[in-house]
Amino acid sequence: MKKLSKVWGIFVLLTFVGLSFLSCTENTHEEETLISEQTETLSQDEIKHYLHLGDSISTHMQKTLLENVSQAMQKGGSDYAVEFCNIQAIPLTDSISNMHHVSIQRLSDKNRNPNNVLALEEDLSAFEKLKDSTLPVDFIQNNMGEITYYKSIKLGMPTCLKCHGGKEDISESTLAIIQDKYPNDKAIEYQIGELRGMWKIKF
């Protein structure tokens, strides 16, 4: 049993390292970034500043979430990880938001938490652009002068399938917890590399 636990711990650690590397390598070059036509009031230096800041904050948020979920997986497997996310995902996001003095949301067309649903027209438009592009960000400025940064979230590693894959990937006990905690869950049937959602950072 101790040997199995040790192997599982190493697997989770390697998975986290891989995911962290993936989130870092999703950095985009500014010249390849999707830039909305609504940024004409910003200088090139301002655009570069907010792209860099948005990427930095979203990477910090992604790593924080992955680290905590990986620890939950190591502690109690996918059952515990679902319980953990149900209670801690939003507070963790709020904590990083407060740290950077921005608003951070994780949005998806196949949301699990009702708070993560795509509802605003500007968010739906940004998500469609991300779906149609291989680039990881869209950067816009809306009519009120608020600056918003978007970055895609892709399902990067096999461990993610334990909570977001098909029914053959998710254990019966984990699926039961998901259905209990999230009766209207849509965040399953994903495959590796698929667009899982996006980060939205409003400055």
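Suppose R0 equals 35 Å; then what is the FRET efficiency for M144 and M99 from their Cβ-Cβ distance, rounded to the nearest 0.05?
On the way: r = 24 Å, r/R0 = 0.69.
Once the sixth-power term is evaluated, E becomes 0.90.
Which one, P183, N111, L155, is farthest towards the positive end of the dipole of the stretch 87-203 when Lys and Arg carry +1 and Asp and Glu -1 on their Cβ?
After comparing all options, I get L155.
Let's see if you can work this out: charge +1 on each Lys and Arg Cβ, -1 on each Asp and Glu Cβ, no other charges. What is the dipole magnitude of the stretch 89-158 about its Cα centre, in debye to the nearest 20?
360 debye
Which trypsin sites (Lys or Arg not before Pro) does the stretch 155-203 hold that lie in a coil by DSSP with at most 14 other beta carbons within 10 Å? If you can, show how the numbers build up before the last one.
Values: sites: K162, K167, K181, K186, R196, K200, K202; in loops: K167, K186.
Sites meeting the loop and neighbour criteria: K167, K186.
Subtract the Cα-Cα distance of S133 and Q191 from 0.36 nm times their separation in residues, and report this length gain in nm to one decimal. Write down the numbers at each step before the final one.
Working: separation 58, 0.36 × 58 = 20.88 nm, distance 1.78 nm.
Working it through step by step, the gained length comes to 19.1 nm.
When the C-alpha atoms of the stretch 130-203 are aligned to their principal axes, what extent does each axis show, in angstrom, from largest down?
Largest to smallest, the principal-axis extents are 47, 26, 17 Å.
Taking Cα centroids, how far is the stretch 162-176 from the stretch 45-112 in Å?
22 Å
So how compact is the stretch 83-122: Cα radius of gyration and Dmax in angstrom?
11.1, 31
Nearest 20 debye, what's the magnitude of the dipole of the stretch 134-203 about its Cα centre given +1 on Lys and Arg Cβ and -1 on Asp and Glu Cβ?
Values: 9 positive and 9 negative charges, 54 e Å.
About 260 debye.
Using a 1.4 angstrom probe on the protein heavy atoms only, could you order V82, V69 from most to least accessible area? Spell out each step's value before the answer.
Details: V82 5, V69 40 Å².
Sorted by accessible area, descending: V69, V82.
So how do D123, D185, D180, D109 rank on accessible area, 1.4 Å probe, biggest first, that is with the largest at the start?
Working: D123 5, D185 35, D180 110, D109 65 Å².
Largest to smallest exposure gives the sequence D180, D109, D185, D123.
At 1.4 Å probe radius, can you tell me the per residue accessible area of the stretch 73-203 in Å²? Walk me through the numbers before you get to the answer.
Values: 6620 Å² over 131 residues.
Each residue of the stretch 73-203 exposes 51 Å² on average to a 1.4 Å probe.
Could you check the simple spin-label distance between K181 and K167, using points 7 Å along Cα→Cβ, in nm with one decimal?
2.1 nm
The values are calculated or read from the model by the stated rules, or taken from the named source; none is laboratory data. Fair warning: this is a prediction, and the values are worked out from it, not measured in the lab. Here the Cβ is made from the backbone with ideal geometry for all residues, glycine too, and neighbour counts use every protein chain on show. Just so you know, the surface numbers come from the protein's heavy atoms only, side chains and all, with ligands and any DNA or RNA stripped out. Shrake-Rupley method; radii C 1.70, N 1.55, O 1.52, S 1.80 Å.
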